[in-house]
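Coordinate-derived values only; no laboratory data. Here the structure is a predicted model, which is why all the values come from computation and not from measurement. A quick note on method: Cβ atoms are made from the backbone with ideal geometry, for glycine too, and the neighbour counts reach across all protein chains shown.
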Amino acid sequence: MFQGLVVAERNAGDRGKFIDIFTDRNTVQEVYVRGAKKMSSAGTSTTQQFSYARFSVNRRQERLYLDSAEPVRLFYRLRESLSRLSLAMYFAELIRLSVREYQNPGEQCEALRLMLNTLHFLENGERDEAMLKPLFELRLMTELGMMPDLLACRSCGEFLPERLCFSVEEGCFYCASCRKSQMKNSILLRAPALQAMRHMVFAEYDRLFHFHLGANHLAAVSMCTERFVQYHLGLRIKALDFYYHIQAASPTSSQKGESHEPTSSDAGIS
Ligand SMILES: [Zn+2]
């Protein structure tokens with residue numbers, strides 16, 4: 001018996017399916033659901049992606065079989081928006097791959113809490129997708145023990161330079177004067193973006209989703225966090241490409257037009 005969030009489901013033959021559950025013990029468990037195709041709709045919704053539930057399972061020959069599932073929260077309204085749904089699918093894939101393949105998170109890791117809180121704000125639309133994406137990416141890396149060093153310029157120790165350069169590979173930043181001329185894989189930022197990244201890394205959960213940052217700064221931060229995840233986890237997740245595809249196709253989405261591209265004056269890639 002454990003509590004967890006379904007992060008993926010796969011058909012298995014005509015009658016059953018496998019689901020991957022991100023559990024409250026910070027593991028990803030594959031569980032076989034018998035007769036998934038014949039279940040009542042209530043049974044189906046409890047075992048579908050983004051269902052947070054209490055699962056009772058039994059183990060036979062190294063495989064877990066579902067006995068019963070009791071819903072806690074289903075996040076079904078994510079499906080009302082293709083953009084929200086595809087972003088949620090990216091988060092789920094990031095969890096599934098990073099927790100299972102790369103990490104063995106400790107007891108104090110709060111990745112499940114991060115995921116549930118993020119889905120809550122994504123589902124009810126109280127926070128922009130443009131804010132939730134970098135926040136989730138950076139805090140997940142922090143929860144997995146791979147947080148970047150955002151304390152001060154790596155070279156001279158300046159705490160809050162007006163202009164700075166985030167190094168994706170080194171996971172730290174340099175102020176404008178210490179910035180090496182040929183820094184590869186680095187992103188120019190300004191002070192407010194650095195402060196927001198510090199907030200994402202250090203804030204307590206009751207304050208984590210409470211901050212504001214302009215669209216251009218947010219786009220630059222999002223580029224930092226996305227490339228930081230890709231570089232350090234060695235992952236390229238198709239669901240993210242799909243999310244961008246949906247974004248580009250949907251003129252009503254929250255990230256559109258120029259807000260996607262940071263201007264060269266306050267952010268950019270070098
Ligand atoms: Zn410096």
For the chain: lysine pairs under 26 Å (alpha-carbon distance), excluding those fewer than 8 apart on one chain: 8
Which value, in debye to the nearest 20, gives the size of the charge dipole of the chain about its Cα centre, when Lys and Arg are +1 and Asp and Glu are -1 at the Cβ? 700
Among THR27, VAL6, LEU64, which residue has its Cα furthest toward the positive end of the charge dipole of segment 2-74, with +1 on Lys/Arg Cβ and -1 on Asp/Glu Cβ? LEU64
Compute the Kirkwood hydrodynamic radius of segment 51-160, taking the inverse of the mean of 1/r over all pairs of distinct Cα atoms, and give it in Å to one decimal. 16.3
Over the chain: helical MRE at 222 nm, DSSP H runs n ≥ 4 each giving -39500 (n - 2.57), nearest 500: -11500 deg cm²/dmol
Using all Cα-Cα distances in the chain, what percent lands in each 10 angstrom bin from 0 up to the longest? 7, 28, 33, 20, 9, 3, 0
Figure the gain on full extension for TYR76 and ARG15 (residue separation times 0.36 nm, minus the Cα-Cα span) and round it to one decimal in nm. 19.6 nm
Calculate the all-directions average of the projected area of segment 2-74's alpha-carbon convex hull, and give it in nm². 4.3
Looking at segment 27-66 from every direction and averaging, what is the projected area of its Cα convex hull in nm²? 3.2
Counting other beta carbons within 10 Å of each Cβ, put PHE22, PHE211 in order, fewest first. PHE211, PHE22
Got a sec? Charge dipole of segment 77-269, +1 on Cβ for Lys and Arg, -1 for Asp and Glu; which of SER81, MET197, ALA176 is way out at the positive end? ALA176
FRET E, pair ARG63, ALA152, Förster distance 41 Å, beta-carbon r, rounded to 0.05: 0.25
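Using a simple charge model, +1 on the beta-carbon of Lys and Arg, -1 on the beta-carbon of Asp and Glu, nothing else, what dipole does segment 2-74 show about its Cα centre, in debye to the nearest 20?
For this selection, approximately 200 debye.
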Additional length obtainable on full extension of the chain from GLU204 to ALA248, 0.36 nm per residue less Cα span: 12.5 nm
Roughly how many debye, to the nearest 20, is the charge dipole of segment 114-213 about its Cα centre, given +1 on each Lys and Arg Cβ, -1 on each Asp and Glu Cβ, and no other charges? 480
